[in-house]
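Where a number appears in this text, it was derived from the coordinates with a stated rule and is not lab data. None of the values given here were measured: they were computed from a predicted structure. Note: ideal-geometry Cβ built from the backbone for every residue, glycine included; neighbour counts use all protein chains shown.
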Amino acid sequence: MADGSVTITLDGVDIEVEAGQRLIDALCDAGTDIPRFCYDRRMDPVGLCRMCLVEVEFPRGMALVPSCTSVVRDGMVVDTRSNVVTKAEEGVIEFLLINHPLDCPTCDKGGECPLQDQAFAYGPGESRYVEAKRRWEKPIPISDLILLDRERCILCALCTRFSDEVSGDPLIEFKGRGNHLQVITFPDEPYASYFSGNTVQLCPVGALTAKPYRFKARPWDLEAAESVSFVDSVQPRTSVQASAGNVVRIYGVDVGASNQGWLSDKDRFIYEHIASPERVTTPLVRDEAGFREATWDEAIRLVADRLAEYKGSEVAGLGGARSTNEDAYAFGKFLRTVVVTAHLDAQLDDGLAADFAAAVTPRATFGDIDEAATILLWGADLKEEFPVLYLRVRRAVTGLGAKLVVIHPRRTGLDDVATHKLGYRVGSGAETLAWLKSGRKKHFKGPRAALSEGPVVALVGRTGLAEDPRLAEAVAAFARDTAGAKILPLVRRGNVFGALDMGLAPDLLPGRVAVTSKEGRAALESSWGPLPIGAGKGATEILQGLSDGSIRSLLLNGADPVRDHPSPRLASDALEAAEFVVAFDMFLSDSVVHADVVLPVAGLGEVEGTATNLEGRVQKVNPIVAAPGFARPLWSILDDLAFALGADIGGGSAEIISKEIAQVAPAYADVSWFRLLPGTEGIVVPGSEGTQPLQYIPADAGLAVSNAALTLHAGRVLYDDGVMVRHSPGLAGLAPEARVYLHPADAEALTVGEGDSVVVGVDGEATLTVGIDPSLAKGTIYVPFNQRGSAALGTIGTVTITPLDSGGS
Amino acid sequence: MIPTWSADNQERATALIAQYPEKRSAVMPLLYVASLEHGYVTEEAMREVAELTGLTAAQVQSVASFYTMYRRDPVGNYLVSVCTSISCWLRGADDLLAAIEDESGTLDGEMSEDGTFTIEHVECSGACGGAPVLSVNWELIEGVEPDKGRALIRWLRDAEPETISADEMQVLFGGRRSFEWAVAEPEGAIAPLPAFAPYGTAREL
Amino acid sequence: MTQKILTTRMEEHPSDSHTLARYLDTGGYATLHKALADMSPDDVAAEVKASNLRGRGGASFPTGVKWGFLPEDTRPRYLVINADESEPGTFKDRLLLERDPHQLLEGIALSAYALDVQRAFVYVRGEYSKAARRLQRAIDEAYEGGYLGAGIAGSEFSLDVTLHLGAGAYICGEETALLSSLEGQRGEPRIKPPFPAIEGLYSMPTIVNNVETISNVPWIIANGGFAFASIGPTTSAGTRLMSLSGHVATPGDYEIVLGLTWRDLIYDVGGGIRDDRPLKAWVPGGASAPWFVPETHLDTLVTIDDIAANGSMIGSGAVIVMDDTTNVVAAAHRLVKFFAHESCGQCTPCREGTTWLERILDRILTGQGRRDDLDLLLDVSDNISPGLVWPPAMTTICPLGPSATAPIVSIMRYFRDEVEAMIPVEEGSLVAREEVLLG
Ligand SMILES: Cc1cc2nc3c(=O)[nH]c(=O)nc-3n(C[C@H](O)[C@H](O)[C@H](O)COP(=O)(O)O)c2cc1C
Ligand code: SF4
Ligand code: FES
């Protein structure tokens, strides 16, 4: 990045602009609107639409140049208003319109169309073209989500460049040339990208449209609220848009920091679940016949009465990663001060140790990724689990020159750009780490060398649910110690970092305070009153406690342990054994069906509050529609419950809670809604005012290497069989069916082949179809976590595979 | 490697890829080899080239569709390309094309029903000094008057030459040349593709 | 006037000038050996600079100056020979490729030595199969003879030459499009700057030169840059291969020294107009060049500078001659159609504008012209090439789009009455063209 500033003469006036800037950006920053179609700040300029032409002085006189591909230089003389420029603008608009259909009234883009707007502002008014227009068949589906109308396309190449340059899946491309140029996919190879929706948003005309949105609304009827997506902990910034009280569209918002405006299709199309007919919108209580609807009064009364029967330590709370910070805080405060239990956990032992995840230091931000010389990724397949972060890392490598070292049990979405890729057998991570440390083994030399060149950012997490969470910490310790790496702990679930920061873990209090900290406890007790004494239990212990009767009641806050805990068997046993289960949820998930009372909560687009992403960035969540039926925000339900139990947790509104958080949670001292208005970048806590009492230094616990014959890799894929995807029709069909993937040698040893059926046993059993995956290490099998057909499988325990004799090949 | 390709073409593909510092550069040569395998650039051919070069099929299609010599539809045994650019037009190229269409019973841009001919007009063939010119399977003939053009079509239909050679046809049907060609070449085209040994498209006469 | 540089061998030995045996027999590769033994790379480059050699591919850019743009220490560097010759009217590189390929190869070897290049590519248009075969055979011979490959003539210098065949796209003659094509991409021109010398093939410094340009290098090194510079007018040094076509009596390639008049070129060199008909107009330098007419230009000089001063260019040296039988609207239509067909399509004005121009001319030719069409032709042209000035201003990335306006401007300048005469007195209502579904 160039530093300093230079002076240019813009339409006769000298102005200072940032050196090294693209001319088009400099002009716009200076308040001169430059029309454009093919330019987007986030991609390399190509200068092909020719809409942004300006006149620039050269030794031989003024010449037209595209301002998008020009870079400012000192003394540059620029004319944006000359007759030549105006005529060129009119000319380009006329050229773009000669083959553009006049179907604006039925076009999804009508009313928010850059072509329409710029034709109005810069066009000649009337076309002189009397010939036949280009005709293409229209519109054609190019994927399950996207339709293409080539007659409307103005060939700006934003979509093709996005798919190639940004997301790395060039499945949509130019075809033909000259007047026959078109954008298209390959026959039978749809634009099946996790990021396809971005092209719809990029498209400056109505050529690319999204099936879920098609004909749902007209732009002038839309209301929008800036918010964040809860699909994963990247929490990309969104604009949630509604028409007639229904959310109809989600767009990415480019405020730089969190997502540069990009979304995954899951972020973009997941909203369909909120209007699902299967959504719980009324309190439900169980009687002999099953669930029946109840009034809030009845349900609250019932829950309060039952909870009053138990000692605090006989009650536990699970979940919180789907809540706003305010809801999570209220949940924790309710559990710790009203129920008086120390057993609470936002994670389901599917993530990392809470203190490590929440308080690791030094912690990286996404900005650090852009600046990194080397990025170490030993955690998730980012494309599957953190898709928007995947884009960030990809761009850092392809566009910003970072080196990337990927260590993963099988191929990942970043392998094609990785500088070094190492595979390994799940269970032997400690050995792989030792080799990486020494760098003496052949394949480890390069990666080891790359890691000694700073700045290094280490993205560490569990490669799958079968991986020991302590491995990530050991990797972080190594990266920190050798290269001073900044660490980004990869825990995926929506607002899990917010929940941990709000103290939804047995070992954490709100604001990154260890539960064992005397001062921390004292400070919190001065506001909350006495805290429960004794060690709290985490998710697995809670489930075990339910099974053995030491815990009798469970509050489930949007959590689905039957699907998401490493041992579904343990989870369902626990829920069966529980005496009284209260679920705060939107759907009757596989766990919620075990509840005695279901309390309907408000969801996406309905709640207000804040959220914290994996960098620790706090952003605002804003509502745009009313929650359906009797669904309510969690904090207000907890307020009522506390009241019914004779307590006051000081709710009243999310904003009031947020102010309390700022007072009692040291890391959140800086956070106020006023500073989180739309368009602002959010606040990375602890920020300048806040403090982080717990500074967690990762350590290597010294893991053993498993000598099991077969080990399991239980990585996640983007479209899983989770309850949100299941209830979003646009996405539901995209979730693949579960399979078991075997290394060719393992398959041979088992005498099975692609397409055969086998019974896989890991803490449960499932009959699965075999896929062959040479990218796996020998001895590791891969069963994507939480897919249709594999729900009964756990991830911890002995792995067995039994071929079914029928139809072997 | 593409196991369905002939051993020769597999070898060629390997050699062609090895010629370049980056694999992607081999896309164009490989599209010729794939055309030879499949008769033209079929979808299968594009998938194969994609596999060999590490591109997506959509990327290969994007490249293939940019260049007019990669045919994406079936093409006759003899691809007759009549130059109708300015210099040939000035010297009667339109009449030559009409004669060729008439004699072959095949319209410009089409393939004859029996698959013998594909007739097309092309832009400047780089033989303006010998205008009007045409080529058969990219073997050039210069100074072709309409009657000679008709005779050429009849000859192709009757003699069904397996190897097409510019030198042979020039003697039989050609006239004024842009320049002397010197000695006769020992090689010719075996397909409607430029005859070039490294692509396997040329054969000794 | 009779000085020959490029065509001596083929004239003296018409049957085998393309073979290695004949090449060696006529002193070939001796210059390379001498240079490798006695000259430093910089010496070789200095001779080329001193020769005043200017590019023969179209832009007439001084070769030595271009070579000087290479950044000092970025390696590898590449040399790419532009043998895509597709500009209508041009057929001189084919002559050099088919008749004297070793001359080109020796030029490549000398240039590569001067430029510290170890890999050269020759991009031959796909339609030139015979030329490709001849060149490939010459490359094979040169490897066998030790004139290419590792450690040439016992020196430290190594060079690999790869022939790359195009596949039908005029735009690949534009140097950056050519590089895209060579990289296995669509042949789309790139934005300049950066110029190829700074960022070319695989983003590395790359020199792109025309076949004829590089074929001059062996003579320059053998005889000295000064000897070359003293042939012909100072700024049009050396000889020039001119491709004469159209209605001249004896079309063909002619190696001449510039500085003669157009009258000399057309009537002496080209043998006059066929059947002694009157000359109506000619294109002086390939399809992209604005036309000349006898009344104004017949006695002007054929030099790079004179042609430019008269509002056109020598371009690729292709002279297309039209006699009085020529329908100039139809001729312009042919030329515009060519550019529309060859537009890569990435720039809006070129993609949309060239086809629009073609269709207007098509309408006029089929009796459907309207009075407004004359101004429309000029204004659409103006939107591709603002001001319709020379050298052209552009709203496009590369000069292909603006090239399509040259024939329009030419006929409107010299033959406006003929265009007007084709517009029916009674403007009929337009018969809308059938809209064809493209796919
Ligand atoms: C549309 C277009 C087509 C061109 N075609 C050719 C060509 O076929 N052969 C060529 O040598 N140069 C061609 N050029 C010029 C090249 O861009 C480039 O200037 C030239 O190859 C440089 O070589 P030189 O300096 O030796 O002339 C073309 C330029 C344009 C804009
Ligand atoms: S001017 Fe035409 S040929 Fe040149 S880059 Fe633009 S669209 Fe392509
Ligand atoms: S925005 Fe600059 S050319 Fe398109």
Antiparallel content of DSSP bridges confined to the protein assembly as shown, in %, to 5:
55 percent
Could you give the distance between the Cα centres of the stretch A:111-129 and the stretch A:414-488, to the whole Å?
54 Å
Rounded to a whole number, the mean other protein chain Cβ count within 10 angstrom for residues of A:85-97 is 5
Per 20 Å bin from zero, what fraction in whole % of the C-alpha pairs of chain C is there, up to the bin with the longest pair?
25, 55, 18, 1
What net charge is computed for the residues neighbouring A:K537, neighbours being all others with C-beta under 15 Å from the C-beta of A:K537, Lys and Arg scored +1, Asp and Glu -1?
-3
Counted charge near C:L148, where neighbours are those whose Cβ lies closer than 12 Å (Asp, Glu -1; Lys, Arg +1)
-4
Between the stretch A:686-703 and the stretch A:592-637, how far is it from one alpha carbon centroid to the other, in angstrom?
29 Å
Pairing the Cα long axis of helix A:568-577 with the longest principal axis of chain A, what angle in degrees results, from 0 to 90 and rounded to the nearest 10?
50 degrees
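Out of the stretch B:64-118, which GluC sites (Glu not before Pro) are coil in DSSP terms and have no more than 10 other C-beta atoms within 10 Å?
Working: sites: B:E101, B:E103, B:E110, B:E113; in loops: B:E113.
Filter output for the stretch B:64-118: B:E113.
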For chain A, report the % of Cα-Cα distances exceeding 38 Å.
44 percent
Separation in nanometres of the label points that stand 7 Å from Cα toward Cβ, at A:W673 and C:F195
6.1 nm
Isolated Cys residues of chain C, judged by Cβ distance under 4.7 Å to other cysteines:
C:C172, C:C344, C:C398
Checking the stretch C:263-348 for trypsin sites (Lys or Arg not before Pro) in a loop per DSSP with at most 14 other beta-carbon atoms within 10 Å yields none
Can you give the angle from 0 to 90° between the axis of helix A:387-398 and the longest principal axis of chain A, with both taken from C-alpha atoms, to the nearest 10?
50 degrees
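Report the antiparallel proportion of the DSSP beta bridges in the stretch A:438-565 as a percent, rounded to a multiple of 5. Working shown, then result.
Numbers: 3 of 8 bridges.
Looking only at bridges with both residues in the stretch A:438-565, the antiparallel portion is about 40 percent.
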Burial-style ranking of A:573-584, A:283-294, average other-beta-carbon count within 10 Å with highest first, yields A:573-584, A:283-294
Mind giving me the nanometre distance, one decimal, between the label points for B:D102 and C:A150, set 7 Å out from Cα along Cα→Cβ?
6.3 nm
Cut-off under 25 Å on the C-alpha distance; same-chain residues fewer than 8 positions from C:K192 excluded. Which lysines are left, in chain and number order?
A:K87, A:K175, C:K49, C:K66
Shape call for the stretch A:59-141 from the C-alpha gyration tensor, a ≥ b ≥ c root eigenvalues: rounded (a/c under 1.5), prolate (a/b greater than b/c) or oblate?
prolate
Relative contact order of chain C, please, whole-number percent, based on alpha carbon pairs below 8 angstrom and at least 6 residues apart.
16 percent
Work through the residues other than C:D372 whose Cβ is under 13 Å from its Cβ and net out their charges, Lys, Arg +1 and Asp, Glu -1.
-2
Add -39500 (n - 2.57) for each DSSP H run of 4 or more in chain A, then divide by its residues: what number comes out at 222 nm, to the nearest 500 deg cm²/dmol?
-7000 deg cm²/dmol
Give the angle, between 0 and 90 degrees and rounded to the nearest 10, that separates the Cα long axis of helix C:41-50 from the longest principal axis of the Cα atoms of chain C.
40 degrees
Of all beta bridges DSSP finds with both residues in chain A, what is the antiparallel percent, to the nearest 5?
55 percent
Within chain B, the cysteines whose Cβ lies no closer than 4.7 Å to any other cysteine Cβ are B:C124, B:C128
Which value in deg cm²/dmol, rounded to the nearest 500, describes the helix-derived mean residue ellipticity at 222 nm for chain C, given -39,500 (n - 2.57) per DSSP H run of n ≥ 4 and division by the residue count?
-11000 deg cm²/dmol
Using a Förster distance of 41 angstrom, determine the FRET efficiency expected from the C-beta separation of C:H33 and C:Y267, and round it to 0.05.
0.40
